[in-house]
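The structure appears right after this line, and notes come after that.
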Amino acid sequence: MKKITILFLMGLLVGQGILSADSYFAAKEGKISYFKIGSGVRNVILIPGIGDTKENYSELAEILSHNAVVYGMDLRGMGGSDVGFSSYGPEETGKDIVAFIRENKLTNVSIISNSMSAASAVFAASELPKEVETIVLTGPFVREGEGLNWFMKLLINGMFRGPWGASAWKSYYQSLYPNFKPSDLESHSDFLKQNLKEEGRLSALRSMLFAEKKECESRIKSVKSKVLILMGSEDPDFPNPEEEAKWIASEMNASYVMYPGAGHYPYKEDPSKTADLVRQIWQKK
């Protein structure tokens with residue numbers, strides 16, 4: 001019943017024009033699912049974090065669609081994307097973004113990313129400096145050594161597998177919103193749970209959690225795009241969220257904005273503020 005309700009809600013979003021029905025981009029080893037809405041001379045690509053799907057960007061996508069063409073892409077192995085890939089991780093996602101931009105001949109591109117996919121945005125921007133105008137890194141992991149220690153890796157390897165794995169991810173995912181709970185948190189996290197029950201998706205999730213970011217990190221200094229870092233002050237994934245935001249900003253000659261009390265998904269907790277910050281960057285061109 002819960003799955004039917006979630007699918008019904010997703011159908012309503014499509015019917016209201018907030019989300020389009022899924023389209024598919026053919027990567028080298030499988031298909032990547034995405035939606036497309038909006039119009040304008042600018043192009044925005046929304047990339048979710050580990051274990052999440054493009055639908056979590058629905059509010060932000062709707063706001064930005066008034067000023068740009070907005071694409072929301074699933075990661076390999078998540079959402080509507082295939083699971084038959086030989087590898088998953090930030091570099092692979094970065095290559096998928098690059099291929100998507102080239103195939104669709106996109107220019108004036110802004111990439112809005114979260115968590116692991118922030119490293120992917122760095123990779124894509126370094127590969128396509130002319131096409132990628134701006135990257136927005138939310139709750140970003142962009143360097144090797146940040147994130148999971150050996151104990152967490154051991155714990156995760158046991159938690160996110162087997163018949164309990166999808167439920168364990170749902171509980172962990174909800175904990176990443178420590179203070180401000182989105183109105184659709186229960187339905188969306190249950191949607192993720194159902195998605196992860198599909199064959200091969202938990203394995204893809206674990207691969208992403210353990211993937212290295214060395215190649216992406218090595219490209220930080222070569223990014224020519226404008227960079228904005230958005231960080232929740234209470235992001236549970238970082239021992240000191242502002243310290244990490246400051247480090248990235250200093251390395252990339254960027255600015256950062258803290259969202260007081262927010263967790264790992266500031267763009268979701270305050271999509272209007274996020275859209276305003278993105279538009280401010282566009283106006284500075």
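The values are calculated or read from the model by the stated rules, or taken from the named source; none is laboratory data. Everything numeric in this text was worked out from a predicted model, so none of it was measured. Cβ sites come from the backbone with ideal geometry, for glycine too, and all protein chains shown count toward neighbours. Accessible surface is based on the protein model in full, side chains and every heavy atom, while ligands, DNA and RNA are left aside. Shrake-Rupley method; radii C 1.70, N 1.55, O 1.52, S 1.80 Å.
Things worth noting here:
- Residue pairs meeting the criteria (Cβ under 6 Å; at least 6 apart or on separate chains; first under 9 Å from Lys54 (Cβ atoms) and in contact (Cβ under 8 Å) with a residue 60 or more places away in the chain, in region 73-89; second in a loop (DSSP other than H, G, I, E, B) and open to solvent by less than 40 Å² (accessible area, probe 1.4 Å)): Met78/Thr53; Gly79/Thr53
- Considered as a group, the residues in region 205-241 that are within 16 Å of the chain's Cα centre (by Cα) and modelled with pLDDT of 95 or more include one that is surrounded by the most Cβ atoms within 10 Å (Cβ to Cβ), and that residue is Gly232.
- Criterion: crowded, with 18+ Cβ neighbours inside 10 Å, assigned to a helix (DSSP H, G or I) and of a type in the set (Asp, Glu) - qualifying residue of Glu251, Glu244: Glu244
- If the condition is being open to solvent by less than 10 Å² (accessible area, probe 1.4 Å) and of a type in the set (Gly, Ala, Ser), then region 163-204 contributes Gly165, Ala166, Ser189, Ala204.
- Flag for Ser233 being of a type outside the set (A, V, I, L, M, F, W, C) and touching a Gly at 6+ places or on another chain (Cβ under 7 Å): yes
- For region 35-53, residues that are over 19 Å from Phe141 (Cβ atoms) and crowded, with 24+ Cβ neighbours inside 10 Å total 2.
- Selection count where residues are of a type in the set (Asp, Glu) and part of a loop (DSSP other than H, G, I, E, B), scope region 79-132: 2
- Test result for Ala121, in contact with a helix residue (DSSP H, G or I) (Cβ under 9 Å, 6 or more places away or on another chain), modelled with pLDDT of 95 or more and either basic (Lys, Arg) or closer than 28 Å to Lys221 by Cα (or both): yes
- When restricted to residues that are open to solvent by 20 Å² or more (accessible area, probe 1.4 Å), modelled with pLDDT of 95 or more and touching a helix residue (DSSP H, G or I) at 6+ places or on another chain (Cβ under 7 Å), region 18-34 contains 1.
- Search result, residues across region 206-225 that are in contact (Cβ under 8 Å) with a residue 12 or more places away in the chain and assigned to a loop (DSSP other than H, G, I, E, B): Ala211, Glu212, Lys213, Arg219, Val223, Lys224, Ser225
- Scanning region 59-74 for residues that are over 26 Å from Ala211 (Cα atoms) and open to solvent by less than 10 Å² (accessible area, probe 1.4 Å) yields Leu60, Ala61, Leu64, Ala68, Val70.
- Pairs, first outside any helix (DSSP H, G or I) in region 175-188, second open to solvent by 90 Å² or more (accessible area, probe 1.4 Å), C-beta under 9 Å, six or more apart: Pro178/Glu234; Asn179/Glu234
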